[in-house]
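Have a look at the structure below before the remarks.
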Amino acid sequence: MTDFGDAGTDGADGGPSRPGRGGGRPRASSRRTLEDAASELFLEQGYAQTTIEHITQRAGVGRNTFFNYFSAKSDLLWLDVDETLSALPSILDDAPVGLPPSEALAQVLGDLAARHPHRSVPIALSQREPMATHDEFLSAGLGRFLRVAHELAGFLAARAPGVDDGLVRAAANAATAAAATGAGTWALAGVERGDLSAEVLRAVAPVCRGFAPVLDPAGP
């Protein structure tokens, strides 16, 4: 697998630089141990200064164990979110057949947000200043955005046969962007944040209504 995000973080002698704290934990192989070790190191020395070697040493596991759970260091910034996004295919399969495509699109995104653990905010946002992770979080999010938009476009193409492919993709991209904006607003609202699904639906509803004349043959 490819090791993303560690270029330029090795020591001057070409080997990995040392983490901020010596030693490691007793050997363990759980995903949560790696997550906890990474969170500690990102807070102590920043995301960019932390390598995969630092994380595995702190967790007391080998490099291969890391890649059993993650493809890249940046995946650690999307904890819980990736698990939520993995539910999208089943949510698309379960979407009510009788709904107009624009309404089905909104419902799918609301249902996806409802799957996310209550008040679980990515550390890259909740600790973005001490960890210096905001830019990396956005960069790593692009691939996830494109995957969601692609799945939504396939869903809409099946639900709205005959609609121009460019318009289908535009609707999927716009709805994905609106959902991401709603989720970001929710995440940054602090302890006063409310329901994630409600925030996502508030953001995507105008977009879905705007595309209704194109997507829904019997719509307004």
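Among the residues of the stretch 44-74, those that are over 23 Å from D135 (Cβ atoms) and assigned to a loop (DSSP other than H, G, I, E, B) comprise G60, V61, G62. For the residues A158, A149, A140, the requirement of being in contact with a Ser or Thr (Cβ under 8 Å, 6 or more places away or on another chain), at pLDDT 85 or above, hydrophobic (A, V, I, L, M, F, W, C) and in a helix (DSSP H, G or I) singles out A149. Figure legend. Inter-residue proximity from the stretch 94-114: first residues within 10 Å of R159 (Cα to Cα), second residues surrounded by fewer than 19 Cβ atoms within 10 Å (Cβ to Cβ) and of a type in the set (V, I, T), beta-carbon distance below 9 Å, spacing 6+ or different chains. Indicated pairs: P101/V163; S102/V214; A104/V97.
In the set S102, S71, which member is farther than 25 Å from R209 by Cβ and touching a Phe, Trp or Tyr at 6+ places or on another chain (Cβ under 8 Å)? Give the derivation first.
On the way: S102 fails: farther than 25 Å from R209 by Cβ.
None of the other options fit; the residue is S71.
Any chance the stretch 87-99 includes a residue that's surrounded by 19 or more Cβ atoms within 10 Å (Cβ to Cβ) and of a type in the set (G, A, S)? Scanning the stretch 87-99 turns up no residue that is surrounded by 19 or more Cβ atoms within 10 Å (Cβ to Cβ) and of a type in the set (G, A, S). Within the stretch 160-188, residues that are touching a residue at least 60 places away in the same chain (Cβ under 8 Å) and surrounded by fewer than 19 Cβ atoms within 10 Å (Cβ to Cβ) reach no partner that is in a loop (DSSP other than H, G, I, E, B) and among the aromatic types (F, W, Y) with beta carbons closer than 8 Å at six or more positions or on different chains. Filtered by the rule that a residue be touching a helix residue (DSSP H, G or I) at 6+ places or on another chain (Cβ under 7 Å) and at pLDDT 80 or above, the stretch 104-133 gives A104, L105, A106, V108, L109, G110, D111, L112, A113, A114, R115, H116.
The values are calculated or read from the model by the stated rules, or taken from the named source; none is laboratory data. Since the model is a prediction, treat every value here as computed from it, not as a measurement. Glycine gets a Cβ as well: all are built from the backbone with ideal geometry, and neighbour counts include every protein chain shown.
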